[in-house]
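Please read the structure below before turning to the comments.
The values are calculated or read from the model by the stated rules, or taken from the named source; none is laboratory data. Remember, predicted model here, so these are calculated numbers, not experimental data. Reconstructed Cβ throughout: ideal geometry from the backbone, glycine too, with neighbour counts over all protein chains shown. For accessibility, only protein heavy atoms count, side chains too; no ligands or nucleic acids. Shrake-Rupley method; radii C 1.70, N 1.55, O 1.52, S 1.80 Å.
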Amino acid sequence: MNKYIIANLKMYQMPDMISNYLESLKEFNNEKLILCPSSVYIPYYLEKGYHVGIQNIYFKDVGPYTGEISPLQAKQLGISYVIIGHNERKLFGETDHHINQKVTAALENDLNIILCIGETLDERSNKETILKRQIHSALKNIPQEKIKNILFAYEPIWAIGTGIIPDIEEIETMIHYIQTVCHEFSSDPIKIIYGGSVDEKNISTLVQMKNIAGFLIGSAAVNPDKLIKIIEVTREK
Ligand code: PGA
């Protein structure tokens, strides 16, 4: 079974990088490869038949919200996933409550969600409590049958962009914990991916983890050669 590979391209890609990127990944295109470019580039990705995720979404469908993109717009354009709860959005004041509003709106529009959860370094000794709070808040009032449309991305905040990753055992323990908490909300299988400094070097270790559904990759996914290496290693498993 292939793993989900979610490429979070953040604000790294410049216009002159796009055509090579789209060309390079052609033969690896499949429904578990989700590319999340800057929103302005999304139509180029859709035209080439890639599965696209948007990096952020608003929680209203239509209205006077300058600069925002709605889940209804995303869905009608052909976008299939949305990243919600990424730590870098918290710089713009995003709270647990906003995340719940976004999750609700995205699911109402039949978008799939990549829901980021994770603890800061200070919270590390207490991470179960933090993750439980984040999951409980994000899933508040979400219909049980919709939870299968969420990919839970365990991303320790201290591992994002730092080159430091937790021990495999630590991630496996957290996957198990997240599964247990999510099963309070739904008895469907829960898909959990890992994110935070995944690259073409550590992927062969990370892919050995039990019960991991895939990976959320930031800076390493910007270079198509590195991303292809990651895809190839995960395919071998
Ligand atoms: P990174 O980013 O792979 O550059 O650490 C991951 C993420 O922020 O989703």
Apportionment of accessible area to carbon and sulfur, the range 187-237, percent (1.4 Å): 45
Sparsely packed GluC sites (Glu not before Pro) within the range 1-50, loop by DSSP, other Cβ within 10 Å at most 11: E31
Inter-label distance, nm, simple model (7 Å from Cα along the C-beta direction), K132/S38: 4.2
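Rounded to the nearest 500 deg cm²/dmol, what is the calculated helix-only ellipticity per residue at 222 nm for the chain, with -39500 (n - 2.57) per DSSP H run of length n ≥ 4?
Calculated at 222 nm, the ellipticity per residue is -9500 deg cm²/dmol.
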Karplus (6.51, -1.76, 1.60) ³J(HN,Hα), θ = phi - 60°, over the range 98-109, in Hz, Gly and Pro reported as x: 4, 4, 4, 5, 5, 4, 4, 5, 5, 5, 4, 9
In Hz, Karplus ³J(HN,Hα) per residue of the range 38-50 (6.51, -1.76, 1.60; θ = phi - 60°; x = Gly, Pro): 4, 4, 4, 9, 3, x, 4, 5, 5, 4, 8, x, 7
5 angstrom amide H check on G214, placed H, neighbours 5+ away: Y4, Y194
Straight-distance crosslink candidates among aspartates and glutamates, where the alpha carbon sits under 17 Å from K48 and sequence neighbours closer than 8 are dropped: D16, E23, E27, E31
Under 18 Å from K102, Cα to Cα: aspartates and glutamates that are on another chain or at least 8 residues apart: D61, E68, E88, E94, D110, E145
Full-extension gain in nm, Q144 to T205, via 0.36 nm per residue minus C-alpha separation: 18.6 nm
Partner lysines for K210 [C-alpha distance under 22 Å; skip if fewer than 8 residues away on the same chain]: K3, K32, K127, K132, K148, K191, K201, K229, K237
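With the other protein chains left in place, how much accessible area per residue, in square angstrom, belongs to the chain at a 1.4 angstrom probe?
It amounts to 47 Å² per residue over the chain.
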Residues with amide H under 5 Å from that of S38, placed H, sequence gap 5 or more: Q13
Accessible area of the range 25-136 belonging to carbon and sulfur atoms, whole % at 1.4 Å probe: 50
FRET efficiency, T95 to E31 (Cβ-Cβ, R0 41 Å, nearest 0.05): 0.80
Low-density loop positions, chymotrypsin sites (Phe, Trp or Tyr not before Pro), the range 1-94 - DSSP coil, at most 12 other Cβ in 10 Å: Y65, F92
